[in-house]
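Structure record follows, encoded as structure tokens.
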Amino acid sequence: MTDIDKTAADTGSGDDPAREGLDARLLVERGSFRLDVALTAAPGDVVALLGPNGAGKTTALRALAGLTPLSGGRLRLDGAELDGTPPESRPVGVVFQDYLLFPHLSALDNVAFGPRCQGLGKAQARALAAEWLARMGLAEHAGAKPRRLSGGQAQRVALARALAIRPRLLLLDEPLAALDARTRLDIRSQLRRHLAEFEAVAVLVTHDPLDAMVLADRLVVIEGGRVVQEGSPTHIARHPRTDYIAQLVGLNLYRGRSDGHTVRLDAGPALTTTEPLTGEVFVAFPPSAVTLHRERPTGTSARNLWRCEVSGLETHGDQIRADLGGELALAADLTTVAAAELGLHPGAEVWATVKAAQTHAYPA
Amino acid sequence: MTSSYDTSGAAADTLKGGPRRRRVRTGVRGAPLPLLVPALAGLVFLLLPLVALLVRAPWSTMPEQLTSTEVWQALRLSLLCATAATAVSLVLGVPLAWLLARTDFPGRGLVRALVTLPLVLPPVVGGVALLMALGRNGVVGQWLDSWFGITLPFTTAGVVVAEAFVAMPFLVISVEGTLRAADPRYEEAATTLGASRFTAFRRVTLPLIAPGVAAGSVLAWARALGEFGATITFAGNFPGRTQTMPLAVYLALQNDPEAAIALSLVLLAVSIAVLAGLRDRWMTAAS
């Protein structure tokens, strides 16, 4: 867990009060749940909090917005301490998961709401709101009530409303979750553009790895209220450190002790890799690297050979994902034809092989 | 009671914009007898007195009855006091409903129960209680009298106080129900946009719960209009000053039954007008 240590060391240097951007250690205790997340980001950064349901992502977001009080830690934005500042006085904009556009106000008045609260006159606030709506390509929907907007339009109005208060921290809670698949694709690329233009810190919460990887420069993976890994999307995709992340990016992941090219897995069997390493390591390989055989293969070069039992089958596009138990728990992808030829069914016994060249080992 | 809950429910549906539930209906012929017979008996029971009122109405002398000064005086006073009592209920009741629905404090459940007490309390008891509190020698009334020279009992203001005491709980319950059904996260969204909690209430919550507030106001107004027991106990029965329609009806019944019927018909007409005003909320919302 060196990543966490690194984070702690990073934030330790955040004592410089003039430091721009976000510097936070969020401690929230509620009943038996404990959130302890350190977050730092420079202006212009887009950070994604990624994690399973109940990991504490939304709690972290609410704490940043001031909607949930901190039990401890600190929260600094552009050098100013925000802990104890009520939400209405924080330079923080929030795009809520279901947008929470005020149903009785038009799109224009929804966007003008923030500037009005900041003391702008009605006409000025409306002019500013019209500008934001135009920027979002929604000029012709300015007079529409939220219930007459499509999901994608509502999302953009919510984004305009949050940006119109010129926040120094923009928070987005599952910004694309409420959209259907087709709109999502379109809105995702638009959101990416708007986030790229945004000059301050943006933090978004999502459980969708694709959203996180497309939208964010940096991922912070949270499980059980703690940061389990953080880094660039490509780094995390290549070097997952928990089963959750491995599943998200579609990899089989094992932890073990390596001695040269052989890794003795914590799960039991040994595994041969191409990278020579010593000490605690992770080994990962994609389900497509697994080959299944009916009989014990003879004359194969694969040294990674395990006797397994099919525990479940699932269709993934034109592929079949087989969940295997037995000597080693793993996921294997194969074509429908291959699955039929092998006569796969839950409970069937198979042999699984993985070429060493298709595995990837890295220090834990 | 039930009607106030109905309102909040209907308001809740409106707020959520949820789909209206479809109900399975059959013809009256399909209704089982053990339900149909008492249902029809109940219907007759409720309608018969109203029909009797119309049957016995002195239609020939009606114009004179209704144009008498006393009738107009009483009607004017009734409408005025009921409206004022509703206004008092709104100003005090909506914030109270907000407090009950949106904040948490020790004894909140007890406070809520106490607020609804006037709903079940016999109005005469309410009148006596008001005298003990605000009467010339009352717990607070004696100070009002000696410090500010304000006397409430047996004045028009006293009528408003008595009516508001009885009517406000209807409004509080109705508005509280609507508030509970409204999503509090809209208020959170407003605060993240820089609105103080009061601004969030005024510009976001209040418009959202407006249908519930309107329904609660009509309920409170109707209750205030019909108020008898607390009014006569606390404010007395002085024509032109504290004699509202219900008091006038009761008094007339002893001296001039025909006048009582005429006055009753006026109140019936007002009630029907209120019902017609609420038609969209109750009669169609339930169908």
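The values are calculated or read from the model by the stated rules, or taken from the named source; none is laboratory data. The shown structure was predicted, so the numbers you read here are calculated from the model rather than taken from an experiment. In this analysis, Cβ positions are derived from the backbone assuming ideal geometry, glycine residues included, and neighbour counts consider all displayed protein chains.
Only one of these conditions is not met by A:A178: (1) in contact with a Phe, Trp or Tyr (Cβ under 8 Å, 6 or more places away or on another chain); (2) closer than 22 Å to A:G51 by Cα; (3) within 11 Å of another protein chain (Cβ to nearest Cβ). Which number is it?
Only one criterion is unmet by A:A178, namely (3).
Here are B:A157, B:A133: which of them is more than 14 Å from chain A (Cβ to nearest Cβ), in a helix (DSSP H, G or I), of a type outside the set (D, E, K, R) and in contact with a helix residue (DSSP H, G or I) (Cβ under 7 Å, 6 or more places away or on another chain)?
B:A133
Starting from residues that are closer than 18 Å to A:V283 by Cβ and of a type in the set (A, V, I, L, M), keep the ones in region A:319-345 and report whichever is surrounded by the fewest Cβ atoms within 10 Å (Cβ to Cβ).
In this case the residue turns out to be A:A329.
Kindly list, by first and then second residue, each pair from a residue in region A:109-121 that is facing chain B (nearest Cβ under 10 Å) and within 10 Å of B:A195 (Cα to Cα) to a residue that is among the charged types (D, E, K, R) and surrounded by 24 or more Cβ atoms within 10 Å (Cβ to Cβ), limited to pairs with Cβ atoms under 9 Å and residues at least 6 apart or on different chains.
From region A:109-121, the pairs are A:F113/A:R161; A:G114/A:R161.
Within region A:87-107, identify whether any single residue is of a type outside the set (S, T, N, Q), farther than 24 Å from B:R203 by Cβ and away from chain B (no Cβ under 14 Å), and answer yes or no.
Within region A:87-107, none of the residues are of a type outside the set (S, T, N, Q), farther than 24 Å from B:R203 by Cβ and away from chain B (no Cβ under 14 Å).
Yes or no: region B:176-187 includes at least one residue that is within 14 Å of chain A (Cβ to nearest Cβ) and in contact with a strand residue (DSSP E or B) (Cβ under 7 Å, 6 or more places away or on another chain).
No, because not a single residue in region B:176-187 is within 14 Å of chain A (Cβ to nearest Cβ) and in contact with a strand residue (DSSP E or B) (Cβ under 7 Å, 6 or more places away or on another chain).
Could you tell me which residue of region A:320-333 is nearest to the chain's Cα centre (by Cα), considering only residues that are farther than 19 Å from A:Q358 by Cα and not charged (D, E, K, R)?
A:I320
(1) within 30 Å of A:E230 (Cβ to Cβ); (2) surrounded by fewer than 18 Cβ atoms within 10 Å (Cβ to Cβ): which one isn't true of A:N252, the others all being true?
Only one criterion is unmet by A:N252, namely (2).
Applying the selection to region A:338-356, what residues are on the phi < 0 side of the Ramachandran plot and not aliphatic (A, V, I, L, M)?
A:E341, A:H345, A:P346, A:E349, A:W351, A:T353, A:K355
Being part of a helix (DSSP H, G or I), at pLDDT 90 or above, crowded, with 23+ Cβ neighbours inside 10 Å and within 14 Å of another protein chain (Cβ to nearest Cβ) narrows it down to one of B:T199, B:T191, so name that one.
None of the other options fit; the residue is B:T191.
Can you pull out the residues in region A:280-306 that are assigned to a strand (DSSP E or B) and surrounded by 14 or more Cβ atoms within 10 Å (Cβ to Cβ)?
Those that are assigned to a strand (DSSP E or B) and surrounded by 14 or more Cβ atoms within 10 Å (Cβ to Cβ): A:V281, A:F282, A:V283, A:A284, A:F285, A:V290, A:T291, A:L292, A:H293, A:N304, A:L305, A:W306.
Determine, yes or no, whether A:L82 is more than 9 Å from chain B (Cβ to nearest Cβ), in contact (Cβ under 8 Å) with a residue 12 or more places away in the chain and under 23 Å from A:A212 (Cβ atoms).
Considered against the rule, which asks whether it is more than 9 Å from chain B (Cβ to nearest Cβ), in contact (Cβ under 8 Å) with a residue 12 or more places away in the chain and under 23 Å from A:A212 (Cβ atoms), A:L82 comes out as no.
At least 3 residues that are within 23 Å of B:A215 (Cβ to Cβ) and at pLDDT 90 or above in each: list the helices (runs of 4 or more DSSP H) lying fully within region B:30-116 that qualify.
Of the helices (runs of 4 or more DSSP H) lying wholly inside region B:30-116, those with at least 3 residues that are within 23 Å of B:A215 (Cβ to Cβ) and at pLDDT 90 or above span B:69-102.
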